[in-house]
Amino acid sequence: QVQLVESGGGLVQPGGSLNLSCAASGSDPRLNVRAWYRQAEGGMRNWVALLTRGNTPNYADSVKGRFTISADNDKNMIYLQMSDLKPEDTAAYYCYCRGQDTYWGQGTQVTVAQ
(Lines give C-alpha, C1' and ligand atoms only; values in the text may rest on other atoms or scores of the structure.)
Protein backbone atom coordinates (compact mmCIF):
# COMPACT_ATOMS: atom_id res chain seq x y z
CA GLN A 1 0.00 0.00 0.00
CA VAL A 2 1.08 3.55 -0.77
CA GLN A 3 -0.09 6.74 0.90
CA LEU A 4 0.24 10.06 -0.92
CA VAL A 5 0.16 13.56 0.56
CA GLU A 6 0.27 16.65 -1.66
CA SER A 7 1.43 20.11 -0.67
CA GLY A 8 2.35 23.41 -2.27
CA GLY A 9 -0.96 24.65 -3.59
CA GLY A 10 -2.13 28.22 -3.17
CA LEU A 11 -3.16 31.43 -4.86
CA VAL A 12 -0.98 32.76 -7.66
CA GLN A 13 -1.38 35.51 -10.23
CA PRO A 14 -1.61 34.71 -13.94
CA GLY A 15 1.86 34.22 -15.37
CA GLY A 16 3.19 33.12 -12.02
CA SER A 17 4.74 29.85 -10.89
CA LEU A 18 3.99 27.27 -8.26
CA ASN A 19 5.64 24.03 -7.24
CA LEU A 20 3.64 21.08 -5.97
CA SER A 21 5.06 18.20 -3.97
CA CYS A 22 3.75 14.74 -3.25
CA ALA A 23 5.19 12.69 -0.42
CA ALA A 24 4.78 8.94 -0.83
CA SER A 25 4.97 6.46 2.01
CA GLY A 26 4.59 2.70 1.98
CA SER A 27 5.54 0.53 -0.96
CA ASP A 28 4.17 -1.24 -3.98
CA PRO A 29 6.70 -3.43 -5.78
CA ARG A 30 4.76 -3.15 -9.04
CA LEU A 31 4.63 0.64 -9.07
CA ASN A 32 4.99 1.74 -12.67
CA VAL A 33 3.19 5.07 -13.09
CA ARG A 34 3.41 8.29 -11.11
CA ALA A 35 1.26 11.17 -12.22
CA TRP A 36 -0.57 14.38 -11.47
CA TYR A 37 -4.25 14.93 -12.22
CA ARG A 38 -6.43 17.95 -11.70
CA GLN A 39 -10.10 18.61 -11.25
CA ALA A 40 -11.72 21.99 -11.69
CA GLU A 41 -14.86 22.78 -9.73
CA GLY A 42 -17.76 21.02 -11.37
CA GLY A 43 -15.50 19.28 -13.84
CA MET A 44 -13.97 15.86 -14.36
CA ARG A 45 -10.61 14.76 -13.02
CA ASN A 46 -8.14 14.93 -15.90
CA TRP A 47 -4.60 13.75 -16.36
CA VAL A 48 -1.95 16.50 -16.41
CA ALA A 49 1.46 14.82 -16.38
CA LEU A 50 2.93 11.40 -15.75
CA LEU A 51 6.20 9.56 -15.34
CA THR A 52 6.54 6.04 -16.63
CA ARG A 53 8.54 3.41 -14.77
CA GLY A 54 11.50 4.41 -16.91
CA ASN A 55 11.02 8.04 -15.82
CA THR A 56 9.84 9.20 -19.23
CA PRO A 57 7.60 12.25 -18.77
CA ASN A 58 4.38 12.79 -20.67
CA TYR A 59 2.16 15.87 -20.58
CA ALA A 60 -1.33 16.86 -21.52
CA ASP A 61 -1.32 19.30 -24.42
CA SER A 62 -2.78 22.02 -22.24
CA VAL A 63 0.29 22.12 -19.98
CA LYS A 64 3.07 21.07 -22.33
CA GLY A 65 5.97 23.49 -22.14
CA ARG A 66 4.73 25.01 -18.89
CA PHE A 67 4.65 22.13 -16.41
CA THR A 68 7.43 19.72 -15.45
CA ILE A 69 6.96 16.46 -13.58
CA SER A 70 9.84 14.88 -11.72
CA ALA A 71 10.54 12.44 -8.94
CA ASP A 72 13.15 11.84 -6.29
CA ASN A 73 13.18 8.11 -5.63
CA ASP A 74 15.51 8.42 -2.65
CA LYS A 75 13.10 10.78 -0.93
CA ASN A 76 9.93 9.12 -2.25
CA MET A 77 8.76 12.45 -3.64
CA ILE A 78 6.93 13.43 -6.80
CA TYR A 79 6.97 17.03 -7.97
CA LEU A 80 5.08 19.23 -10.38
CA GLN A 81 6.69 22.51 -11.34
CA MET A 82 4.17 24.85 -12.89
CA SER A 83 5.02 28.08 -14.68
CA ASP A 84 3.19 30.65 -16.80
CA LEU A 85 0.05 29.73 -14.94
CA LYS A 86 -3.31 30.65 -16.45
CA PRO A 87 -6.73 31.06 -14.85
CA GLU A 88 -7.81 27.84 -16.56
CA ASP A 89 -5.16 25.98 -14.53
CA THR A 90 -7.26 26.63 -11.43
CA ALA A 91 -8.17 23.24 -9.96
CA ALA A 92 -7.54 20.78 -7.20
CA TYR A 93 -4.37 18.87 -8.08
CA TYR A 94 -4.03 15.23 -7.17
CA CYS A 95 -1.01 12.98 -6.95
CA TYR A 96 -1.57 9.49 -8.40
CA CYS A 97 0.39 6.27 -8.47
CA ARG A 98 -0.42 2.94 -10.05
CA GLY A 99 1.10 -0.42 -9.38
CA GLN A 100 -0.51 -3.46 -7.86
CA ASP A 101 -3.27 -1.02 -6.92
CA THR A 102 -4.08 2.62 -7.64
CA TYR A 103 -3.42 5.36 -5.12
CA TRP A 104 -4.60 8.96 -4.83
CA GLY A 105 -3.65 11.82 -2.59
CA GLN A 106 -6.19 14.10 -0.95
CA GLY A 107 -5.51 16.97 -3.36
CA THR A 108 -4.14 20.49 -3.07
CA GLN A 109 -5.93 23.54 -4.43
CA VAL A 110 -4.30 25.79 -7.00
CA THR A 111 -6.05 29.07 -7.78
CA VAL A 112 -4.79 31.35 -10.54
CA ALA A 113 -6.34 34.79 -10.27
CA GLN A 114 -5.49 38.47 -9.94
Of those in segment 29-55 that are under 19 Å from D72 (Cα atoms), within 14 Å of the chain's Cα centre (by Cα) and of a type outside the set (A, V, I, L, M, F, W, C), the residue modelled with the lowest pLDDT is T52
_Could you go through segment 60-70 and let me know if any residue there is assigned to a strand (DSSP E or B) and farther than 24 Å from Q114 by Cα._
yes
Pairs returned, first residue in segment 55-84 that is more than 19 Å from N32 (Cα to Cα) and touching a residue at least 60 places away in the same chain (Cβ under 8 Å), second residue that is among the polar types (S, T, N, Q) and surrounded by 15 or more Cβ atoms within 10 Å (Cβ to Cβ), beta-carbon separation under 8 angstrom, 6 or more apart or interchain, are Q81/T68
In segment 42-58, anything assigned to a strand (DSSP E or B), over 17 Å from T108 (Cβ atoms) and either open to solvent by 80 Å² or more (accessible area, probe 1.4 Å) or hydrophobic (A, V, I, L, M, F, W, C) (or both) is listed as L50, L51
Filter segment 98-114 for residues that are at pLDDT below 95 and surrounded by 14 or more Cβ atoms within 10 Å (Cβ to Cβ); the one that is farthest from the chain's Cα centre (by Cα) is G99
Taking segment 79-95 and keeping only residues that are buried (at least 16 other Cβ atoms within 10 Å of the Cβ), farther than 20 Å from G42 by Cα and either of a type in the set (S, T, Y) or at pLDDT below 95 (or both), one is left with Y79
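The values are calculated or read from the model by the stated rules, or taken from the named source; none is laboratory data. A quick note: this is a predicted structure, and the numbers were derived from the prediction, not measured. Don't worry about glycine lacking a Cβ; one is built from the backbone with ideal geometry, like all the others, and counts go over all protein chains shown. What goes into the accessible areas is simple: the full protein's heavy atoms, side chains included, and nothing from ligands, DNA or RNA. Shrake-Rupley method; radii C 1.70, N 1.55, O 1.52, S 1.80 Å.
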